[in-house]
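Single-structure report; data block below.
Just so you know, all these numbers are worked out from the coordinates, no wet-lab data involved. Source: prediction; values computed, not measured. Don't worry about glycine lacking a Cβ; one is built from the backbone with ideal geometry, like all the others, and counts go over all protein chains shown.
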Amino acid sequence: MGARQRLNSIHIHIAIAISAMIGLACQSWTVFLLSCLVLIGVGIHSGDIRPNRRR
């Protein structure tokens with residue numbers, strides 16, 4: 001596994017962990033899923049999560 005995949009994996013795991021805490025605080029699966037999607041989307045938009053190689 002390359003460095004990009006490791007960094008992406010770490011960012012996604014952190015997003016899931018933060019979403020789990022938010023979902024537990026609200027006691028809602030819907031809040032968990034929405035916050036997870038938002039955090040991963042923001043990570044992709046900001047460039048922290050890179051699904052493809054940069055050209």
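Miscellaneous remarks
- In the range 25-39, the residues that are surrounded by 13 or more Cβ atoms within 10 Å (Cβ to Cβ) and among the aromatic types (Phe, Trp, Tyr): PHE32
- Taking every residue in the range 1-27 that is on the phi < 0 side of the Ramachandran plot and pairing it with any residue that is of a type in the set (Val, Ile, Thr), at least 6 positions away or on another chain, the pairs with Cβ-Cβ distances below 7 Å are ASN8/ILE49; HIS11/ILE49; ILE12/ILE40; ILE12/ILE49; ALA15/ILE40; ILE22/VAL31; GLY23/VAL31.
- Residues satisfying the criterion are absent from the range 28-37 (criterion: assigned to a helix (DSSP H, G or I), in contact (Cβ under 8 Å) with a residue 40 or more places away in the chain and out of contact with any Leu (no Cβ under 9 Å at 6 or more places or on another chain)).
- Total residues in the range 1-16, condition over 15 Å from VAL42 (Cβ atoms) and either part of a helix (DSSP H, G or I) or touching a strand residue (DSSP E or B) at 6+ places or on another chain (Cβ under 9 Å) (or both): 8
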